[in-house]
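The values are calculated or read from the model by the stated rules, or taken from the named source; none is laboratory data. The structure presented is a predicted model; accordingly, all values stated were derived computationally and were not measured. We place every Cβ from the backbone using ideal geometry, glycine too, and count neighbours over all the protein chains shown. Note: accessible area is taken over every heavy atom of the protein model, side chains too, but ligands, DNA and RNA are not part of it. Shrake-Rupley method; radii C 1.70, N 1.55, O 1.52, S 1.80 Å.
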Amino acid sequence: MPKLNRKQIQEQAIAVLQGAHGGIRWSELLKAVVQTSPETPQNSIHGGIHNLLKTDGRIEKIAKGTYRWAELSDAGDSAAIAQDEAVAQTPVQVETADHTLVTYVEADFYQSFADWLVDVAEEVNAAVALGGSVLRGKWGTPDVIGVLKPRTQDMLKFEPQIVSAEIKIDPNQPVVAFGQAVAYRLFSHKSYIVVPSTTGEDDMGRLKALCSIHGVGLVTFTLDKAAPDYTTLVLPQQASPDMFYANQMLRRLLAAEPTAFERLF
């Protein structure tokens, strides 16, 4: 079999990428193309693939050293995205003091918590409500994202700090909320879980312990859109996010919600 030229090397690499629905690591992609043409010098294959990954906009980097054919992203993430959207729109009925039933969805509390982060907690200068599947990924979309930036009068300047929050109105979903809030620490300096004050005592105790161990903030609130009364139980610990995932999140935010991006950054 004759040696492959650069174009043929890249065609082979594209074929491998198109068959890897979950993405493929650089080393595995190189190995797969080498196996198709042992006669082609490995350095030539290495260079051809490197050039392809750097220049072809149809390929996305989904993790360090891992790449995916971009058209496969929607199919690969569709289940997680559908679940996020369904949960965000699932109504919860609450009985008020006068025994009236009121129905809420998670989105009813996004903006009020964003305002609380700015005005009461003073954790950020600006915050926006997102939720649903705005960022289009398996790791989910924070319900609220805020940014703390240095002000003109600040003597010491610092890099912008991202704060993310996951809000649940169903008292029976504390574990789900915790898992998502921990995932947001990949790209956030601080992460919050926000759950109803009616969450069971046992679940709340476990949640407090987990949040304290993993540095996640815990806030409770009243299921009352007019007066949610956000209360901090555990303060979040500041962490250093992974800059790869932080930049990936910001690119997705800019593409999906440019107005929100401009407000924050």
Per-residue HN-Hα couplings for the range 248-261, Karplus 6.51 cos²θ - 1.76 cosθ + 1.60 at θ = phi - 60°, whole Hz, x for Gly and Pro?
4, 4, 5, 4, 5, 5, 4, 5, 8, 9, x, 5, 5, 4
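Give me the accessible area per residue for the chain, probe 1.4 Å, as a whole number in Å². Can you show the working numbers first?
Values: 13790 Å² over 265 residues.
Here the residues of the chain average 52 Å² of exposed surface.
Assuming a ≥ b ≥ c are the square roots of the Cα gyration tensor eigenvalues, decide whether the range 183-265 counts as rounded (a/c under 1.5), prolate (otherwise, with a/b larger than b/c) or oblate.
Values: a/c = 2.99, a/b = 1.53, b/c = 1.96.
Since a/c reaches 1.5 but b/c is at least a/b, the shape of the range 183-265 is classed as oblate.
Sort the range 128-244 into rounded, prolate or oblate with this rule: let a ≥ b ≥ c be the square roots of the eigenvalues of the Cα gyration tensor; rounded if a/c is under 1.5, and if a/c is not under 1.5, prolate when a/b is larger than b/c, oblate otherwise.
On the way: a/c = 1.63, a/b = 1.52, b/c = 1.07.
In terms of gyration-tensor shape, prolate.
Out of the total accessible area of the chain (probe 1.4 Å, heavy atoms of protein only), what percent is carbon and sulfur? Walk me through the intermediate numbers first.
Values: 7210 of 13790 Å².
Carbon plus sulfur share of accessible area: 52 percent.
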What does the extension gain come out to for THR232 and THR36, with contour length at 0.36 nm per residue minus their alpha carbon separation?
64.7 nm
Compute a Gaussian network model of the chain, connecting alpha carbons closer than 10 Å, and tell me which residue from ASN43, ASN51, ASN247 fluctuates the most.
ASN43
Range in the chain, longest, excluding exposed GluC sites (Glu not before Pro) [loop by DSSP; at most 14 other beta-carbon atoms within 10 Å]
123-265
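Note the per residue figure in Å³ for the convex hull of the C-alpha positions in the chain. Numbers along the way, then the final one.
Details: hull volume 39.4 nm³, N = 265.
Taking the convex hull of the Cα positions in the chain, it is 149 Å³ per residue.
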Return the single residue from PHE187, PHE109, PHE244 with maximal mean-square fluctuation; model: Gaussian network over the chain, springs between Cα atoms under 10 Å.
PHE244
In a Gaussian network model of the chain with springs linking alpha carbons closer than 10 Å, the residue among ASP154, ASP115, ASP56 that fluctuates most is ASP154
Given Cα pairs under 8 Å that are at least 6 residues apart, what percent is the relative contact order of the chain?
12 percent
